[in-house]
Structures are given as structure tokens and as C-alpha cells.
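Chemist: Can you read through this structure? Questions will come right after.
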Amino acid sequence: MTLTTLNLWHNQIGDLGAQHLADALQHNTTLTTLDLYNNPIGALGAQHLADALQHNMTLTKLNLWRNQIGDLGAQHLADALQYNTTLTTLGLYSNRIGALRAQHLADALQHNT
């Protein structure tokens, strides 16, 4: 059996935990869904995940609802989306992302094909 979905809701995974997950994602070829809903992942953790997204071509869904990535974390993810063409769902609800960074995400999505 192969693990394709990992749900880590409400686990107090912060930036260091996100870094460990990102390290694993760079080498993983089976995980398609990573759900990190309601964890205290900040901009640094988002940067680690974004770095992994530039190399991982398997993950299709990443849920970061109710984290703390903010504007800087959103910028890291927007930068990664320019290189990753397999991610089809990115959940960012309730992350305190301002209009400017939301525009960067929208711009990145226009080039993500």
C-alpha cells in the first residue's frame, strides 16, 4: 500500500515541522495530498514548503488553511508556483495575506500551466 494523503490537522506543526515535511517532499514520489490545516506555520515554514514545491512533481493538493504564513509566506509560494505545474489545489484561507501578495499569487497562477 502506498501513502497518497497525509492529514496533519491541529498538530502544532510550526516552521521547523514544515521544514522536515518539506525535506521529505523533495524526495517523495507518491504523496498527492498534504493537509496542514490549523497549524502555526509562518513565513519561514511556507518558504521551506515553497522550496519543496519547486522540486516535487507529485503533490497536487496543499491545504494551509488557518496558518500564519502572511504576506512573505504567500510571496514564497507565488515564486514556487512559477516552477511547479502539478499543484492543482492550494488552500490559503485565513492566513493574513494582503492584497499585494494576493496579486502576486494570481500572477503566478496565470503562468502556472
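The values are calculated or read from the model by the stated rules, or taken from the named source; none is laboratory data. Because the structure is predicted, anything quoted here is derived from the model rather than measured. Reconstructed Cβ throughout: ideal geometry from the backbone, glycine too, with neighbour counts over all protein chains shown.
Chemist: Would you be able to tell me the number of residues in region 75-100 that are farther than 15 Å from residue 42 by Cα and either among the charged types (D, E, K, R) or in contact (Cβ under 8 Å) with a residue 60 or more places away in the chain (or both)?
Modeler: 1
Chemist: Ok, one more. Can you name every residue in region 41-76 that is closer than 16 Å to residue 13 by Cβ and among the basic types (Lys, Arg)?
Modeler: 66
Chemist: Right, something else. For residues that are of a type outside the set (A, V, I, L, M, F, W, C) and within 17 Å of residue 72 (Cβ to Cβ), scanning just region 1-38, find the one that is surrounded by the most Cβ atoms within 10 Å (Cβ to Cβ).
Modeler: Out of the qualifying residues, it is 15.
Chemist: Which residues, taken from region 57-77, are in contact with a helix residue (DSSP H, G or I) (Cβ under 6 Å, 6 or more places away or on another chain) and either at pLDDT below 95 or at positive phi (or both)?
Modeler: The one that is in contact with a helix residue (DSSP H, G or I) (Cβ under 6 Å, 6 or more places away or on another chain) and either at pLDDT below 95 or at positive phi (or both): 70.
Chemist: How many residues are surrounded by 11 or more Cβ atoms within 10 Å (Cβ to Cβ), of a type in the set (Ser, Thr, Tyr) and over 15 Å from the mean Cα position of the chain (by Cα) if we restrict to region 82-113?
Modeler: Of the residues in that region, 0 qualify.
Chemist: Name the residues in region 39-58 that are farther than 18 Å from residue 70 by Cα and surrounded by fewer than 17 Cβ atoms within 10 Å (Cβ to Cβ), would you?
Modeler: Listed by number, the residues that qualify are 54, 55, 57, 58.
Chemist: For region 26-45, name all the residues that are out of contact with any Asp or Glu (no Cβ under 7 Å at 6 or more places or on another chain), modelled with pLDDT of 95 or more and of a type outside the set (D, E, K, R).
Modeler: The first filter runs over region 26-45 and keeps only residues out of contact with any Asp or Glu (no Cβ under 7 Å at 6 or more places or on another chain), leaving 26-40, 43.
Those still in the list that are modelled with pLDDT of 95 or more too: 30-40, 43.
If the condition is that a residue be out of contact with any Asp or Glu (no Cβ under 7 Å at 6 or more places or on another chain), modelled with pLDDT of 95 or more and of a type outside the set (D, E, K, R), then 30, 31, 32, 33, 34, 36, 37, 38, 39, 40, 43 are the ones that fit.
Chemist: Is at least one residue of region 53-61 under 18 Å from residue 81 (Cα atoms) and in contact with a Phe, Trp or Tyr (Cβ under 6 Å, 6 or more places away or on another chain)?
Modeler: Yes, region 53-61 contains a residue that is under 18 Å from residue 81 (Cα atoms) and in contact with a Phe, Trp or Tyr (Cβ under 6 Å, 6 or more places away or on another chain).
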